[in-house]
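Enquirer: Would you mind keeping the following structure in view while I ask a few things?
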Amino acid sequence: MMAIIALGFAAAHFGIIGDQGRKNISSLVIDLVYPCYVLNSFINNIGLFTGGAMLFIFLLGTLAQGATLLCNHALYRKAPPDKQSVLRYGTVVSNSAFLGVPMVESVFGNAGLICASIFVIPLRINTFGVAVGYFLSQDGEGLGRRLRRILTQPSILATIVGIVIMLAEWQPPVLVTSVLSSMAGCSTPLCMMTIGMVIQANAKQIHMDKLTAKFTLARLVLIPAVTFAIFRLCGLDQILVGTAVLLAAMPIGTTVALLADKYGKNAAYAGELVLVTTLCSMLTLPVWSYLCLFWA
């Protein structure tokens, strides 16, 4: 991931792509590539709701997302207005989809992969549900207009269609699934490269401050610690505890930089948080993996 971010940084630094090109790529990812990724994710999860255990995992993921949304009402009120959207989105949306699911699979094997795939469904719904509203809201905008803006966002439409397909257990034609799978494969490299471009364009504005340090501590240490304590006290299975904790311990979701860039929020700060939390997670994730394997 860091290598691809570096390639995006180099592409912008050496003039291979300019500011307008970066913004166009951000729009391409948010409005086309990521919706395909979302649909592909739901299609790949068809049939996983085949028992009470799977439904239980889904409910756990929903509760975890609900808890972060509630916390956001009290957090960051004293933060600068141009950073609040980024901080609130980053508290709710971690990099569970791109980094978390493969990480859980590497620690717990196929059983972990199935648990993680179910657990992140509420996160995927929320990424372009409530959470995206932090970027779409405008001063003086009525509730009805705001809801229309959110519901007509391509990735939200893809989420709604994906839920219907998954619950109906309808398998689309092979051509459709093949195209969606190919487009979904473009999502991670394009996201990472765009983040590198955003960081390069705003490099002079990026600096580590107390707010960034506090957020990084909360994202990588406090949130997974609380998750570990609660799930452990509930006496849940080791794989369930480990899945929840590792997904909670992920760095900030990479979509934050693309959304901030697309909707005119503080893209420099979003890029800073992606860079800092991703680098720091290389130190914290091995610790959480060890705790989940031997103490969960």
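The values are calculated or read from the model by the stated rules, or taken from the named source; none is laboratory data. These numbers were taken from a predicted model, which means no experiment stands behind them. Every residue, glycine as well, gets a Cβ built from its backbone with ideal geometry; the counts of neighbours run over all protein chains shown.
Enquirer: Taking the conditions exactly as written (without any contact (Cβ under 8 Å) to a residue 24 or more places away in the chain and surrounded by fewer than 23 Cβ atoms within 10 Å (Cβ to Cβ)), does LEU283 satisfy them or not?
Expert: Judged against the criteria, LEU283 is a match.
Enquirer: Something else now. Out of the residues in region 180-217 that are under 16 Å from the mean Cα position of the chain (by Cα) and farther than 22 Å from TYR37 by Cβ, which is surrounded by the fewest Cβ atoms within 10 Å (Cβ to Cβ)?
Expert: That would be THR216.
Enquirer: Residues VAL256, VAL221, VAL245, VAL241: which one is under 20 Å from ALA131 (Cα atoms), among the aliphatic types (A, V, I, L, M) and either touching a helix residue (DSSP H, G or I) at 6+ places or on another chain (Cβ under 7 Å) or touching a residue at least 24 places away in the same chain (Cβ under 8 Å) (or both)?
Expert: VAL256
Enquirer: Being hydrophobic (A, V, I, L, M, F, W, C), farther than 13 Å from CYS292 by Cβ and assigned to a helix (DSSP H, G or I) is the filter here, so list the residues in region 112-123 that pass it.
Expert: Answer for region 112-123, where residues must be hydrophobic (A, V, I, L, M, F, W, C), farther than 13 Å from CYS292 by Cβ and assigned to a helix (DSSP H, G or I): LEU113, ILE114, ILE118, PHE119, ILE121, LEU123.
Enquirer: Related question: Among the residues of region 70-80, is any at pLDDT 85 or above and charged (D, E, K, R)?
Expert: No: zero hits.
Enquirer: If we keep just the residues of region 153-179 that are among the hydroxyl-bearing types (Ser, Thr, Tyr) and modelled with pLDDT under 85, which is nearest to VAL33 (Cα to Cα)?
Expert: Keep residues of region 153-179 that are among the hydroxyl-bearing types (Ser, Thr, Tyr), which gives 155, 159, 177-178.
Filter again for modelled with pLDDT under 85, leaving 155, 159.
Values: SER155: 9, THR159: 13 Å.
Here the residue is SER155.
Enquirer: What's the total number of residues in region 174-214 that are in contact (Cβ under 8 Å) with a residue 24 or more places away in the chain, under 20 Å from ASP261 (Cα atoms) and assigned to a helix (DSSP H, G or I)?
Expert: 18
Enquirer: Also, quick follow-up: Return a yes/no flag: does region 252-273 have any residue that is polar (S, T, N, Q), buried (at least 17 other Cβ atoms within 10 Å of the Cβ) and over 21 Å from LEU123 (Cβ atoms).
Expert: Start the filter on region 252-273 by keeping residues that are polar (S, T, N, Q), which leaves 254-255, 266.
With buried (at least 17 other Cβ atoms within 10 Å of the Cβ) added as a condition, the list becomes 254-255, 266.
Add one more test, that the residue is over 21 Å from LEU123 (Cβ atoms), and what stays is 266.
Yes - at least one qualifying residue is present in region 252-273.
Enquirer: Conditions: (1) part of a helix (DSSP H, G or I); (2) out of contact with any Gly (no Cβ under 7 Å at 6 or more places or on another chain). ARG77 meets all but one. Number of the miss?
Expert: Unmet condition: (1).
Enquirer: So LEU279 ticks every box in (1) farther than 22 Å from ASN126 by Cβ; (2) at pLDDT 90 or above but one. Which box is left unticked?
Expert: Here LEU279 clears every test but (2).
Enquirer: Using the structure shown, decide if THR227 is in a helix (DSSP H, G or I), within 16 Å of the chain's Cα centre (by Cα) and of a type in the set (S, T, N, Q).
Expert: It is false that THR227 is in a helix (DSSP H, G or I), within 16 Å of the chain's Cα centre (by Cα) and of a type in the set (S, T, N, Q).
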